[in-house]
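Accompanying notes for the structure given below.
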Amino acid sequence: MADLQVAELSKDLQAAIAGLEKNEGLQSAGVVIRVGDGVAWVQGMAAARYSEVLQIDTKNGVVEAFALNLMEDEIGAVILGDDSKVAAGDTVRLKGEILTVPVGEELLGRVVNPLGQPLDGGPAINTKATNPVEREAVGVMGRKHVHEPMMTGIMAIDAMFPIGRGQRELIIGDRQTGKTAVAIDTMINQARNKSDVINIYVAVGQKLSKVAALVERLKQEGVMEQTIVVATGPSDPASMLYLAPYAGTAMGEYFRDKGGHALMVYDDLTKHAVAYRQMSLLLRRPPGREAFPGDVFYLHSRLLERSAKLSDDLGAGSLTALPIIETQAGDISAYIPTNVISITDGQIFMETDLFNQGIRPAISAGLSVSRVGGDAQTKAVKSVSGHLKLGLSQFRELASFAQFGSDLDEATKKQIDRGQRLTELLKQPQYQPMSIWEQCASIFAVDAGAFDGVPVNKIKDAQMALLTKLWTDHKKDMQELNKGGDKVEKDSAVAKLIEKTAKAAAKGFEG
Amino acid sequence: MATKLSRRKLAGNAAARFSSGENKKAILQELAAYLIDTNRKKEAELIVRDIEAMLADAGTAIGTVISARPLSSDAVSTVESFVKAQNAAVKTVVLRERIDKTLIGGVRLELPGHQLDASVKAKLEQLTV
């Protein structure tokens with residue numbers, strides 16, 4: 001090494017400092033005073049803002065965290081990633097921005113974590129845009145009422161509890177009652193109908209084997225190309241589980257704000273609340289009811305309020321939400337379920353008893369509701385489903401009398417028979433969403449009495465025969481019906497066609 | 001139960017008394033006694049940092065300049081001028097010097113609540129990132 005003159009070194013150093021004066025100023029910095037359980041406590045950085053990203057310089061590189069507790073003496077920062085890399089004494093710098101995630105079409109077909117990093121082994125994702133994870137919901141004047149249908153393909157839902165674009169419809173029930181299945185069928189139906197809806201499935205603390213199976217099924221059904229999966233497993237830090245729904249919503253807002261339509265599935269928000277409880281307790285926030293922090297309602301309300309139907313001035317895009325909540329022993333009056341029920345625009349209640357009886361999807365017609373209702377229904381489905389809810393509710397009242405078959409009057413017997421047939425009709429296999437014409441034809445046929453002579457256990461076979469015949473012999477009419485714009489009125493040509501075909505199909509199954 | 005005084009309040013009190021010219025030894029004795037009495041000796045270093053931060057707001061910036069090789073007096077003066085330029089409230093700059101050969105070149109300046117890393121090591125790490 002050549003001899004270095006100290007004077008030269010000094011000159012170089014002064015030049016370097018002078019150069020730095022032009023572009024860089026002093027950075028706000030602090031020091032980690034203690035770390036553990038995913039939380040780093042930082043001293044200094046009085047200028048840190050709430051939810052601002054902090055960069056911790058560890059021996060193994062930079063680890064990011066975000067500031068959640070801004071206290072007089074220290075900042076509680078939740079670490080994004082492995083907290084074992086962080087040690088007391090590490091320097092912390094402000095990144096100068098709040099947490100953002102990459103958003104855009106580049107994410108379609110990919111499985112990512114809440115920071116937008118790929119988990120599917122594919123190439124790195126480079127998006128042109130990012131969106132903040134936390135963002136204020138659209139104001140009143142920026143919204144329009146929900147008026148476009150979001151067809152799930154599940155007859156029981158589309159007929160009785162229709163969902164519209166921009167609506168928040170909760171799916172609630174005990175474990176293993178088919179909640180995720182309803183959400184997946186809705187996603188599959190968007191691809192089947194070639195609707196322009198982008199699906200975003202947020203797995204919060206779900207078993208990774210379940211997520212992998214779901215991704216595989218979506219690929220088989222050809223849905224993955226219009227889907228983004230944001231996945232967090234049970235072994236991920238609570239901070240990632242906490243961020244996942246917000247990150248997913250940020251991705252959905254990208255499409256909404258461009259005038260497009262997106263569907264969010266949050267599976268499930270119960271685990272999200274539990275993760276937030278864990279974080280809050282570790283941040284030493286005071287526990288409230290069931291040890292949840294006092295702002296657990298705000299946790300979900302600010303998330304779900306971002307799902308909306310935008311006004312025409314803002315592009316008329318929409319973000320529809322299907323949050324999922326898991327109950328214990330069917331208790332929908334528990335803390336978190338009641339919170340989310342009061343936030344959403346309706347709920348689909350899945351009952352264990354119905355599931356065990358073989359009624360799948362196990363949707364409780366009595367406890368489920370859609371507060372948007374007919375405004376979000378196609379004219380065709382609306383015209384045939386008027387008697388459906390009434391028929392089922394009357395059947396529910398009389399169901400316990402079904403065992404007294406021969407001792408009942410004719411009117412009661414007829415109601416019970418009709419109810420049993422409607423219940424059987426609404427059963428639907430998984431991954432087989434029904435189109436508008438299929439739903440209209442099936443419901444109309446039963447309502448018109450065409451299947452009254454068919455034994456209950458043959459109703460599905462009769463339905464299949466009807467739909468096959470209609471599609472084979474009257475395809476054009478069914479394609480027209482599938483547009484959903486025309487009502488199926490009793491004396492209309494299509495109604496007479498369906499009734500005639502149904503009676504013919506029923507003959508082969510009547511006992 | 002006695003209210004626990006926050007570190008910032010303790011530091012603020014000490015900094016104000018330093019600035020007003022009170023006897024430094026006496027202030028530190030009182031502070032040490034309080035920390036022992038309240039079993040908060042572990043917070044001593046943190047309180048020193050808080051005191052330095054408050055003294056900086058009051059006009060006296062105490063910092064550490066770290067370099068790979070000893071700095072000349074001119075270089076130190078340049079750093080002091082830089083610190084004054086960053087904050088108009090600073091009238092006096094007191095710098096501690098430290099050598100860290102791992103920086104390779106350049107300097108790192110640590111001030112209360114702020115940092116400037118102009119070392120070659122930091123630039124290489126940025127390239128890696």
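The values are calculated or read from the model by the stated rules, or taken from the named source; none is laboratory data. Note that this is a predicted model, so its numbers are computed, not measured. When we count neighbours, we look across all protein chains shown, and the Cβ atoms used for this are built from the backbone with ideal geometry, even at glycine.
So here's what we get for this one:
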quantity	calculated
Filter result for the condition that a residue is at pLDDT 85 or above and out of contact with any Pro (no Cβ under 6 Å at 6 or more places or on another chain), over A:GLN428, A:GLN403, A:GLN394	A:GLN428
Output for the stretch A:205-219, where each listed residue is of a type outside the set (S, T, N, Q) and either assigned to a helix (DSSP H, G or I) or loosely packed, with under 15 Cβ neighbours inside 10 Å (or both)	A:LYS207, A:LEU208, A:LYS210, A:VAL211, A:ALA212, A:ALA213, A:LEU214, A:VAL215, A:GLU216, A:ARG217, A:LEU218, A:LYS219
Criterion violated by A:ALA48 - all others in (1) without any contact (Cβ under 8 Å) to a residue 40 or more places away in the chain; (2) part of a loop (DSSP other than H, G, I, E, B); (3) within 14 Å of chain B (Cβ to nearest Cβ); (4) within 34 Å of the chain's Cα centre (by Cα) satisfied	(1)
Residue match in the stretch A:406-421 (condition: modelled with pLDDT of 90 or more, out of contact with any strand residue (DSSP E or B) (no Cβ under 7 Å at 6 or more places or on another chain), among the aliphatic types (A, V, I, L, M) and within 22 Å of A:GLN394 (Cα to Cα))	no
Residue selected from the stretch B:1-34 under the condition at the interface with chain A (Cβ under 10 Å from one of its Cβ atoms) and of a type in the set (Gly, Ala, Ser), by the criterion farthest from A:ASP73 (Cα to Cα)	B:ALA11
Of all residues in the stretch A:277-291 being of a type in the set (A, V, I, L, M) and in a helix (DSSP H, G or I), the one that is nearest to the chain's Cα centre (by Cα)	A:MET279
Looking only at the stretch A:58-81, and only at residues there that are more than 9 Å from chain B (Cβ to nearest Cβ) and over 32 Å from the mean Cα position of the chain (by Cα), the one that is farthest from A:THR100 (Cα to Cα)	A:LYS59
Hits in the stretch A:149-175 (condition: of a type in the set (A, V, I, L, M) and in a loop (DSSP other than H, G, I, E, B))	A:MET150, A:MET151, A:ILE154, A:ILE163
Out of A:VAL146, A:VAL92, A:VAL101, A:VAL138, sole residue that is among the β-branched types (Val, Ile, Thr), more than 14 Å from chain B (Cβ to nearest Cβ) and in a strand (DSSP E or B)	A:VAL101
Some residue of the stretch B:49-59 being among the β-branched types (Val, Ile, Thr) and either over 30 Å from B:ARG7 (Cα atoms) or not assigned by TED's automatic domain parsing to the domain that holds B:GLY21 (or both)	no
Residue in the stretch A:405-413 that is crowded, with 20+ Cβ neighbours inside 10 Å and not charged (D, E, K, R) present	no
Conditions (1) within 29 Å of B:ALA14 (Cβ to Cβ); (2) surrounded by 20 or more Cβ atoms within 10 Å (Cβ to Cβ); number of the one not met by B:SER67	(1)
Selected residue (only one of B:GLU97, B:GLU110 is of a type in the set (D, E, K, R) and either within 9 Å of another protein chain (Cβ to nearest Cβ) or in a helix (DSSP H, G or I) (or both))	B:GLU110
Qualifying residues in the stretch B:113-129 (those that are assigned to a loop (DSSP other than H, G, I, E, B) and free of Cβ contacts under 8 Å to residues at least 40 places away in the same chain) - the one farthest from the other protein chains (Cβ to nearest Cβ)	B:VAL129
Residue within the stretch A:439-446 that is polar (S, T, N, Q) and not in a helix (DSSP H, G or I) present	no
Some residue of the stretch B:41-51 being exposed (fewer than 14 other Cβ atoms within 10 Å of the Cβ), hydrophobic (A, V, I, L, M, F, W, C) and facing chain A (nearest Cβ under 9 Å)	no
Identity of the residue in the stretch A:124-141, farther than 19 Å from A:VAL112 by Cβ and not acidic (Asp, Glu), that ends up nearest to the chain's Cα centre (by Cα)	A:ALA137
Of the criteria (1) modelled with pLDDT of 90 or more; (2) more than 14 Å from every other protein chain (Cβ to nearest Cβ), which one B:ASP37 fails	(1)
